[in-house]
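Working notes, beginning with the structure itself.
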Amino acid sequence: APSAIPADALTASASGLDPDVSPEYAVWQAPRVAAARGLAPDAVHRLVEEHTRSALLGFIGQDHVNVLELNLALARLDSQ
């Protein structure tokens, strides 16, 4: 159902250079990422949780996951 898809999966930032996605979008992609990298889905979910940053002071902005940092952590996990 379209309502189950995170909004940022359907939109992009104006510049297209935004390094962050919502935690919901990262979790939504986790099974695909795990399969592509040959990792356990739980390991990818754990890394998403570890790389989720809260909104500033709990209310300024939104929770987010830095995709570059997450990809670097996934690469480190791949190399182990």
- [ ] Return the sequence-ordered ³J(HN,Hα) values of region 46-57 in whole Hz as given by the Karplus equation 6.51 cos²θ - 1.76 cosθ + 1.60 applied to θ = phi - 60°, using x for Gly and Pro.
- [x] 4, 5, 4, 4, 5, 9, 7, 10, 7, 4, 4, 6
Task: Under 5 Å, built H, 5+ apart or other chain: amide partners of ASP63 - done: ALA55
Open item on the list: Could you report the chain's accessible area per residue, 1.4 Å probe, as an integer in Å²?
Closed with: 69 Å²
- [ ] Tally up the carbon and sulfur contribution to the accessible surface of the chain as a whole percent, 1.4 Å probe, everything protein left in place.
- [x] 58 percent
Open item on the list: At 0.36 nm per residue, and after removing the present C-alpha to C-alpha distance, how many nm does the segment from ARG32 to LEU56 gain when stretched out fully?
Closed with: 5.7 nm
Task: Net length gained if the chain between ASN71 and ALA40 were fully extended (0.36 nm per residue, minus Cα distance) - done: 9.6 nm
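The values are calculated or read from the model by the stated rules, or taken from the named source; none is laboratory data. Predicted model, so just to flag it, every value in this text is computed and none were measured. Keep in mind that these areas ignore ligands, DNA and RNA; they rest on the heavy atoms of the full protein, side chains included. Shrake-Rupley method; radii C 1.70, N 1.55, O 1.52, S 1.80 Å.
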